[in-house]
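Asker: Take a look at the following structure, please.
Quick note: the coordinates plus some simple rules give every number you see, no bench work behind them. Since this is a predicted model, take the numbers as computed values, not measurements. Backbone-built Cβ (ideal geometry, glycine too); neighbour counts: all protein chains shown.
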């Protein structure tokens with residue numbers, strides 16, 4: 001469903017975030033991008049949904065080249081979750097989740113937080129999926145870190161995406177919350193058949209949850225196999 | 001995955017985005033505004049009935065702007081800027097001791113803190129306009145009362161900014177110095193001042209920017225500068241000169257505004 005061809009990205013300050021990357025992702029996969037911080041995995045994820053512009057190469061989503069023109073259509077079909085959750089802290093949980101539907105809402109009414117009934121039901125359903133239905137009308141900054149990330153996930157899945165991009169989803173969480181968030185992502189992958197690309201720097205989580213591991217170091221792919229084939233030698237290559 | 005609720009069950013969780021409470025708050029706010037307007041005997045419809053007529057009339061009398069004494073006007077504009085610069089420097093010098101003494105975590109004792117806070121609040125409370133009027137009576141016309149009024153009034157602002165900045169600094173470095181036996185004054189110069197330098201510079205530029213804007217008005221009470229020209233043109237009903245002065249003030253403020261935000265962005 002996703003084909004990345006000869007992708008390159010150099011930041012204006014001269015940092016070569018992605019030297020050259022070729023990568024294919026099949027529908028339904030749970031792929032972990034594993035690598036140390038600064039290896040280029042965040043940039044890779046962010047170029048898929050247009051948060052970063054790419055310098056050269058191509059990204060195809062369902063055989064459609066990602067460009068300025070096709071981006072809105074692709075953003076409708078992808079959800080993203082972030083390391084720092086990126087919730088709006090002073091509004092209610094359900095409004096945070098509804099913000100994931102803004103692309104398909106009335107431009108005018110949504111400015112006043114007014115949504116259709118079926119959208120509100122979809123938001124409640126997403127909150128039910130992440131187990132936070134009873135917190136729907138709490139203010140987001142009253143929640144714990146793990147609960148906030150659950151809201152972040154609900155916001156990403158409320159539009160029923162085909163692809164979920166997770167950028168270090170558990171890096172700001174304690175070990176117990178991390179496990180439950182990873183379990184939730186795994187369930188979402190299996191039950192809703194949503195393809196997941198997840199950035200991680202923890203090898204144990206990558207081994208436990210993903211079908212395939214893509215190791216990135218210094219802007220290039222150094223490992224791309226199923227998680228059973230990850231041995232000490234390739235780990236050294238990823239984290240040298 | 002545990003069993004999920006059906007849509008029917010989910011409907012029970014639906015709530016309106018805006019409740020009666022929001023509506024009530026809105027109505028009370030509108031009522032409050034109308035009561036104030038009634039008390040002030042403001043009739044908004046006048047604005048639309050007679051307003052346009054007089055407005056067109058005054059605009060007509062103000063155009064075209066009369067730049068015949070341009071060099072004179074530019075000279076008094078420069079005088080205004082000079083007043084603002086002197087006033088700001090005065091404010092900075094005064095605000096350093098007052099700022100330090102009125103910060104709770106630095107002040108030597110409560111009595112000094114109280115005295116310093118009193119002056120800071122007192123001078124911030126009196127508008128520079130009124131201060132300038134009093135000073136004009138006390139020391140006569142000219143730039144001096146304007147400079148003093150600006151300096152003393154904005155001292156109150158700057159000292160308040162510094163005191164708040166000092167109260168919110170990171171306490172870690174202070175503890176580190178304390179643990180190694182540094183004195184209170186050494187702590188101020190090593191751990192307090194370096195932390196507030198960036199906001200110190202930014203605040204000073206903001207006050208300079210503000211003082212130039214205020215100084216244009218101070219001439220109206222006889223404290224020199226372009227405001228004095230504005231006042232005399234108004235008195236003589238020379239509205240075309242008034243509009244010329246307004247244009248000059250506008251251009252100056254535009255330049256100063258961009259200059260000061262440019263400098264502040266370079267500092268941060």
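Asker: In a Debye calculation with equal point scatterers on the alpha-carbon sites of the stretch B:68-221 and no solvent, what is log10 I(q)/I(0) at q = 0.15 Å⁻¹?
Answerer: -0.79
Asker: So for the protein assembly as shown, what are the equivalent ellipsoid semi-axes in whole Å, largest first, each being the square root of 5 times an eigenvalue of the Cα gyration tensor?
Answerer: Value: 58, 32, 26 Å, ordered largest first.
Asker: For all pairs of alpha-carbon atoms in the stretch A:79-157, what percent lies in each bin of width 5 Å, listed from the first bin to the last filled one?
Answerer: Per 5 Å bin, starting at 0, the Cα pair percentages come out as 3, 18, 30, 26, 16, 6, 1.
Asker: Among B:44, B:228, rank each residue by its count of other Cβ atoms within 10 Å, from fewest to most, as a rough exposure measure.
Answerer: B:44, B:228
Asker: Report, to two decimal places, the Cα Rg of the stretch B:181-263 normalised by 2.2 N^0.38 Å (N = number of residues).
Answerer: Against the compact-globule rule of thumb, the ratio is 1.69.
Asker: Could I have the simple spin-label model distance between residue A:11 and residue B:50, label points 7 Å from Cα toward Cβ, reported in nm to one decimal?
Answerer: Output for this residue pair reads 6.4 nm.
Asker: Grab the beta carbon distance between residue A:186 and residue A:107, set R0 = 41 Å, and tell me the FRET efficiency rounded to 0.05.
Answerer: Working: r = 36 Å, r/R0 = 0.88.
Taking R0 as 41 Å, the efficiency between residue A:186 and residue A:107 is 0.70.
Asker: If you don't mind, there's one more thing I want to ask. Quote the FRET efficiency, to the nearest 0.05, computed for residue A:26 versus residue A:174 with a Förster distance R0 of 35 Å and r equal to the Cβ-Cβ distance.
Answerer: So, using R0 = 35 Å, E works out to roughly 0.60.
Asker: Hey, could you get me the Stokes-Einstein D for the stretch A:1-146, Kirkwood radius over alpha-carbon pairs, 10 °C and 1.306 mPa s, rounded to whole µm² s⁻¹? Intermediate results must be reported in sequence, preceding the final value.
Answerer: Values: Rh = 17.6 Å.
For these conditions, the coefficient is 90 µm²/s.
Asker: Still on this structure, please answer the following. How big is the antiparallel share of DSSP beta bridges in chain A, given as a percent to the nearest 5?
Answerer: Here the antiparallel bridges make up roughly 50 percent for chain A.
Asker: Once both labels are modelled 7 Å past Cα along the beta-carbon direction, what's the residue B:176-residue B:259 spacing in nm?
Answerer: 3.9 nm
Asker: Bin width 5 Å, alpha-carbon pairs only: give the P(r) of the stretch B:27-95 as whole percents, running from 0 to the bin holding the largest distance.
Answerer: All Cα pairs considered, the percentages come to 3, 12, 9, 9, 9, 9, 9, 14, 18, 8, 1.
Asker: Give me Rg/Rg_expected for the stretch B:166-205, where Rg uses Cα atoms only and Rg_expected = 2.2 N^0.38 Å with N residues.
Answerer: 1.23
Asker: Within a 10 angstrom radius of the beta carbon, how do A:19, B:264 rank from fewest other beta carbons to most? Could the numbers behind the result be given before it?
Answerer: Numbers: A:19 14, B:264 17.
Ranking A:19, B:264 by Cβ neighbours within 10 Å, fewest first, gives A:19, B:264.
Asker: Please state, as a whole number in µm²/s, the translational diffusion coefficient that the Stokes-Einstein equation yields for chain B at 4 °C and 1.567 mPa s, with Rh defined as the Kirkwood radius across alpha carbon pairs.
Answerer: Using the Kirkwood radius from Cα pairs, D works out to 56 µm²/s.
Asker: 222 nm [θ] for chain B, helices only, -39500 (n - 2.57) per DSSP H run of 4+, per residue, to 500?
Answerer: After summing the helix terms and dividing by residue count, I get -25500 deg cm²/dmol.
Asker: Suppose we keep just the DSSP beta bridges with both residues in the protein assembly as shown; what percent of those would be antiparallel, to 5?
Answerer: Bridges in the protein assembly as shown are about 50 percent antiparallel.
Asker: Rank these for me by crowding, A:92, A:172, B:179, A:56, going from fewest to most other beta carbons within 10 Å.
Answerer: Fewest to most other Cβ atoms nearby, the residues stand as B:179, A:56, A:172, A:92.
Asker: Would you compute, from DSSP H runs of 4+ residues alone, the mean residue ellipticity of chain A at 222 nm, taking -39500 (n - 2.57) per run and dividing by the full residue count, rounded to the nearest 500?
Answerer: On the way: 8 runs with 79 residues, N = 240.
After summing the helix terms and dividing by residue count, I get -9500 deg cm²/dmol.
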